[in-house]
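Single-structure report; data block below.
Nothing in this text is a laboratory measurement; each read-out follows from the coordinates by a stated rule. Please read all numbers here as calculations on a predicted model, not as lab measurements. Cβ sites come from the backbone with ideal geometry, for glycine too, and all protein chains shown count toward neighbours.
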Amino acid sequence: MAIDTAPKKITIEQLIDLLGTIPAGERRIIGIAGPPGSGKSTLATQIESALNARAAGYAAVFPMDGFHFDDRVLIPRGLRPRKGAPETFDVDGFGFMLERLRSNASEEIAVPVFDRDIEIARAGASMIPRAVRAILVEGNYLLLDRGPWMALNFDMTIALDVSRETLRSRLVDRWVRHGKSKDEIVAQVDSNDMINVDLVLQASRRANYVIAEH
C-alpha cells in the first residue's frame with residue numbers, strides 16, 4: 001500500500017478504498033489523529049464498518065483512550081483536573097501494545113477500552129483477532145511532536161482538520177450530556193479541554209492524509 005510523502009486531502013470514501021487494498025495475511029497500523037471533539041471515534045467506527053462490510057473481520061478499532069491512567073494514579077499526582085492531557089496517559093504501555101498488534105503473533109489480542117460512563121479504562125474489553133488486516137488507532141496525541149509520543153510507529157496517518165470554534169461547540173455539547181451546570185461546563189472546557197485542543201493544533205507533526213471538517 002503506497003503512501004505519498006507529502007500530506008494531501010482525502011475524502012472518507014477515498015480513504016476506505018485505499019485501506020481496502022491490504023493483502024490477506026498482512027496487517028497495517030493506521031493512526032487517526034485530531035483534537036478532542038474532532039470526530040476521531042466516529043470516523044474510525046465508520047471506516048471499520050465499511051471495510052468489514054466488504055470483507056468480514058478485515059478491520060478493528062483500537063482507541064488510545066484505553067490507556068488513561070486511573071484516578072487512583074491521577075489524584076495523588078494532582079493530575080485529576082487535567083485528565084485527558086498527554087501526561088495522564090500510559091504512552092509507553094500504549095506503544096508496547098501497538099508493537100504487539102504489529103507483530104500479530106497471537107491468535108487474538110485483548111486491548112483496553114475507556115468507559116466514558118464511569119471514567120474508567122476496562123482491561124481486556126475488546127479482542128482483536130490475528131486475521132484483522134487494518135488496525136484503526138484513534139487518539140488525540142498520535143502525532144504529538146514531543147517526548148515518547150514521537151516514538152509511536154504507524155504505517156499511515158490521517159489527521160482531522162476541524163475549526164477551533166467547532167471543536168469548542170462540540171465539547172460543550174459533550175459535557176451537557178453529563179448533566180453538569182452551564183458554569184461547570186464552561187469551566188471544564190476552557191480550563192482543560194481547550195488547552196488540549198490547542199496543544200494538538202499547535203504541536204502535531206504532519207499526517208500523510210488530511211480529512212477536512214465533516
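Could you list, in sequence order, all residues of region 170-196 that are without any contact (Cβ under 8 Å) to a residue 12 or more places away in the chain and either of a type in the set (Ser, Thr, Tyr) or in a helix (DSSP H, G or I) (or both)?
173, 176, 181, 182, 183, 184, 187, 190
Could we say that residue 154 is touching a residue at least 12 places away in the same chain (Cβ under 8 Å), buried (at least 16 other Cβ atoms within 10 Å of the Cβ), touching a strand residue (DSSP E or B) at 6+ places or on another chain (Cβ under 8 Å) and part of a loop (DSSP other than H, G, I, E, B) here?
Details: touching a residue at least 12 places away in the same chain (Cβ under 8 Å): yes; buried (at least 16 other Cβ atoms within 10 Å of the Cβ): yes; touching a strand residue (DSSP E or B) at 6+ places or on another chain (Cβ under 8 Å): yes; part of a loop (DSSP other than H, G, I, E, B): yes.
Here the answer is yes, as residue 154 does meet what is asked.
In region 115-136, which residue that is part of a strand (DSSP E or B) and touching a Lys or Arg at 6+ places or on another chain (Cβ under 6 Å) is nearest to residue 100 (Cα to Cα)?
So the residue we want is 134.
Looking only at region 67-85, count every residue that is over 19 Å from residue 111 (Cα atoms) and in contact with a Lys or Arg (Cβ under 8 Å, 6 or more places away or on another chain) and tell me the total.
Total meeting the criteria: 2.
Please determine whether any residue of region 160-176 is within 30 Å of residue 103 (Cβ to Cβ), touching a strand residue (DSSP E or B) at 6+ places or on another chain (Cβ under 8 Å) and among the charged types (D, E, K, R).
no
Give the residues of region 51-75 that are surrounded by fewer than 19 Cβ atoms within 10 Å (Cβ to Cβ) and either in a loop (DSSP other than H, G, I, E, B) or in contact with a Ser or Thr (Cβ under 7 Å, 6 or more places away or on another chain) (or both), sorted by residue number.
55, 56, 57, 69, 70, 74, 75
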